[in-house]
1. Go through the stretch B:1-13 and give me each residue that's surrounded by fewer than 18 Cβ atoms within 10 Å (Cβ to Cβ) and either touching a residue at least 12 places away in the same chain (Cβ under 8 Å) or in a helix (DSSP H, G or I) (or both).
2. For B:E269, all conditions in the list (1) more than 11 Å from chain A (Cβ to nearest Cβ); (2) assigned to a loop (DSSP other than H, G, I, E, B) hold save one; what is the number of the exception?
3. Of the residues that sit in the stretch A:273-325 and are in a loop (DSSP other than H, G, I, E, B) and without any contact (Cβ under 8 Å) to a residue 12 or more places away in the chain, which one is farthest from the chain's Cα centre (by Cα)?
4. With the checklist (1) touching a Lys or Arg at 6+ places or on another chain (Cβ under 8 Å); (2) in contact (Cβ under 8 Å) with a residue 40 or more places away in the chain; (3) more than 27 Å from A:G179 (Cβ to Cβ) in hand, flag the one item A:A65 doesn't pass.
5. Residues in the stretch A:306-319: is at least one touching a Phe, Trp or Tyr at 6+ places or on another chain (Cβ under 8 Å), over 30 Å from B:H232 (Cβ atoms) and buried (at least 16 other Cβ atoms within 10 Å of the Cβ)?
6. For the stretch A:105-156, which residues satisfy the criterion of being among the acidic types (D, E) and touching a residue at least 24 places away in the same chain (Cβ under 8 Å)?
7. Need at least 3 residues that are under 30 Å from A:V365 (Cβ atoms) per element, so show me which helices (runs of 4 or more DSSP H) inside the stretch B:26-79 make the cut, counting only ones lying wholly within it.
8. Is it the case, given these coordinates, that A:A374 is touching a residue at least 60 places away in the same chain (Cβ under 8 Å) and facing chain B (nearest Cβ under 10 Å)?
Protein chains: 2
Amino acid sequence: MQDVDQEQLVAEVRALAQRARDASRVLASASTAQKDAVLLRVAALLDGPAADEILAANAKDIAAAEAAGLAPALVDRLRLDAKRLAGVADGVRAIVDLPDPVGDVVHDRTLSNGLRVQRVRAPLGVIGIVYESRPNVTIDAAALCLKSGNAVILRGGKEAFESNAALAKLVGEALRAEGLPEAAVSTLGTTDRRATLALIQASGLVDVVIPRGGEGLIRFVTENAKVPVIQHFKGVCHVYVADDADLDMAMAIVRNAKVQRPSACNALETLLVDAAVAERFLPAMADALSEVALRGCERTCALVPRATPATEEDWDTEHLALVLNVRVVEGLDAALTHIARHGSLHTEAIVTRDKAKGQRFVREVDASLVLVNASTRFNDGYQLGLGAEMGISTSKLHAYGPMGLEELCTLRWVAHGEGQIRK
Amino acid sequence: MQDVDQEQLVAEVRALAQRARDASRVLASASTAQKDAVLLRVAALLDGPAADEILAANAKDIAAAEAAGLAPALVDRLRLDAKRLAGVADGVRAIVDLPDPVGDVVHDRTLSNGLRVQRVRAPLGVIGIVYESRPNVTIDAAALCLKSGNAVILRGGKEAFESNAALAKLVGEALRAEGLPEAAVSTLGTTDRRATLALIQASGLVDVVIPRGGEGLIRFVTENAKVPVIQHFKGVCHVYVADDADLDMAMAIVRNAKVQRPSACNALETLLVDAAVAERFLPAMADALSEVALRGCERTCALVPRATPATEEDWDTEHLALVLNVRVVEGLDAALTHIARHGSLHTEAIVTRDKAKGQRFVREVDASLVLVNASTRFNDGYQLGLGAEMGISTSKLHAYGPMGLEELCTLRWVAHGEGQIRK
């Protein structure tokens, strides 16, 4: 689709979306067995006959990325090898093992007029995924959409263009082999921003767009979309250590939340410490987390010589690195005020022995997951028992928190009668 | 807010939204008793001491509407009188009787690591409602948002400006009297379109916008919003009379769906009749629905002399009047194809004696409510047992079908631990 004019580009994207829409009707009534057969075939191809072709496509992406001077860490995220492919295949097999959400009856009631009314889970229809770099998302997203009966249009990053095309081709083969329309999983076929724009503005053809990636990408999609968007914004997550906290527990939670995987969106960014325990907790914390750079408020800096002063901007920053903001606060109210101002609706935790304090924190903090005495790192579909996830929504509409198979569905109403009419 | 420049207008709307946001935090943790007390006070004011003031404000709107030459039917929709106010008050009392959705635990599970994980219903936050004419929506919407713990910003039509202002003032009094922030319910204070634009673009302050009204209004909001929108588009509803239908039942359903309240979005617009029964059904239907103008396909016109030819546009038109499109179709597949092409995701019904046919219709038709052997008029929050509704969503995201109190909430995750960290 490169080098075409605007109008033609939009027409091509809409035609692609129309094919996805037609395919979504078939997929919505496909049986669980049929969908699982496709997924098992995808898994078998991934660590079997298709592996060489995918690795060859990936090698092209890697060469281009290195030629373009991409940072080694980003090149590494792009890279596929036999082991990573096997991991992706195992992820697909795990999705096969999850229950099919389509057709679940979540409400079943017979009204006084005899009308039997049900709410039944059904696919959303056509899902657009706009994402960056890591090619494994191509397979994860396709597998989750297929299992939940949705068609998907994938728009990956330009760095992974060849890898994504090869992976999508593989899924197409598996669909065809099982008698399902190939258009159920498609890629945009270009990274031209105008095509992305056409995709996220294809009202009536695309039911929802899910952006996954950096803040810039998500903002671009949110600002320009004319179809509904489920946002996955940044996680500026807090842990508040209350005046009555078990400080050993607090230390273990802070260490886990900050250090285990600092690049994750559910990693800790700002530690709020109650003034009553700051003197006991902060110097010990600074020693225990010696590999973490500390950006502190004035009181923190007085207690921890190695801390540097935090700027106003730091409080709103998702560092995604071994950097921790630290602020001493006067009581729960001050902690709540800080979180209301700087939180990102993602994950917030309190460490306290006081049940009432925990309850108030849970009630008054707005976030997709609020924890009492546990690490922020639990905000994850696998950890919370969903089995797999499409990302973590920070939109309150439709899905708030990890999006599993159920969150890729809607609930529609079905009514069975014997001729009922309205009085 | 009239006669101010663009920048100032946007700043004022954002300041209003910020006050609503602050109020929403208070409202989210208000008790059921406190919210119900506000609602009971609203009801008491409506058919008591505040009635005169509201009727006086309404009289100004009526006079202006008549002076502007508004159609009598529209003037009538605007008009409030003591009886209508009493009806609105009763509606508010009915909302008091509904269960408070906030705090409902819909999922409660202890993971193998001992972490107790719950999904808990919580308010969305700040809801913007953009609506037209009928002033009773002001109270209905405010009451539903209050009960579900949400702050609301109301932007009504300019024809009802004075009535809406008086009604919102009354709600403000009730909030103040019960110690809740008045900013929990506010009106935009202007019908300047630039202010509406600022409202629907107030990302980070407004959580969702719900447009209610004609297609033009909904399109304006959908195309321009930068906050999530729950659409309430038109209802082009179908009844398909299958080859094996009980034709007496079909007649009763068609009559009820078309005639009982043709201006409703769940009224029938297009009748699809199987070719096998067209000859028996259509002439009798034309006699029985003598007050309804018929726009038919070629075969319908041959069977019913009084029918006029339907245009392509008719099949996509929500007539909202005593006009019915009629098409003879060859079997269920042709009916499904017609609905896939012309349906509006609103309400679709089949009349059949064959269970398998009904099941296939339910599975393959995409609509917020699909009925077997019942009238389309049941797609309504009261009729389906929700108790009250904010409208009928034709978005599949978040809410699909009637939106009751639960649909004005999100589900957030809460986890209680004893120091769990992620391995």
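The values are calculated or read from the model by the stated rules, or taken from the named source; none is laboratory data. These numbers were taken from a predicted model, which means no experiment stands behind them. Please note: Cβ atoms are built from the backbone with ideal geometry, for glycine as well, and neighbour counts cover all protein chains shown.
1. Of everything in the stretch B:1-13, those that are surrounded by fewer than 18 Cβ atoms within 10 Å (Cβ to Cβ) and either touching a residue at least 12 places away in the same chain (Cβ under 8 Å) or in a helix (DSSP H, G or I) (or both) turn out to be B:M1, B:Q2, B:Q6, B:E7, B:Q8, B:A11, B:E12.
2. Condition (2) is where B:E269 drops out.
3. A:P305
4. Checking A:A65 against (1) touching a Lys or Arg at 6+ places or on another chain (Cβ under 8 Å); (2) in contact (Cβ under 8 Å) with a residue 40 or more places away in the chain; (3) more than 27 Å from A:G179 (Cβ to Cβ), the one that fails is (1).
5. Quick first cut of the stretch A:306-319, residues touching a Phe, Trp or Tyr at 6+ places or on another chain (Cβ under 8 Å) only: none.
Scanning the stretch A:306-319 turns up no residue that is touching a Phe, Trp or Tyr at 6+ places or on another chain (Cβ under 8 Å), over 30 Å from B:H232 (Cβ atoms) and buried (at least 16 other Cβ atoms within 10 Å of the Cβ).
6. Narrowing the stretch A:105-156 to residues among the acidic types (D, E): A:108, A:132, A:140.
Matches in the stretch A:105-156: A:E132, A:D140.
7. Working: elements: B:32-46, B:51-67, B:72-78.
The helices (runs of 4 or more DSSP H) meeting that bar are B:32-46.
8. Yes; evaluated as a whole, the condition is true for this residue.
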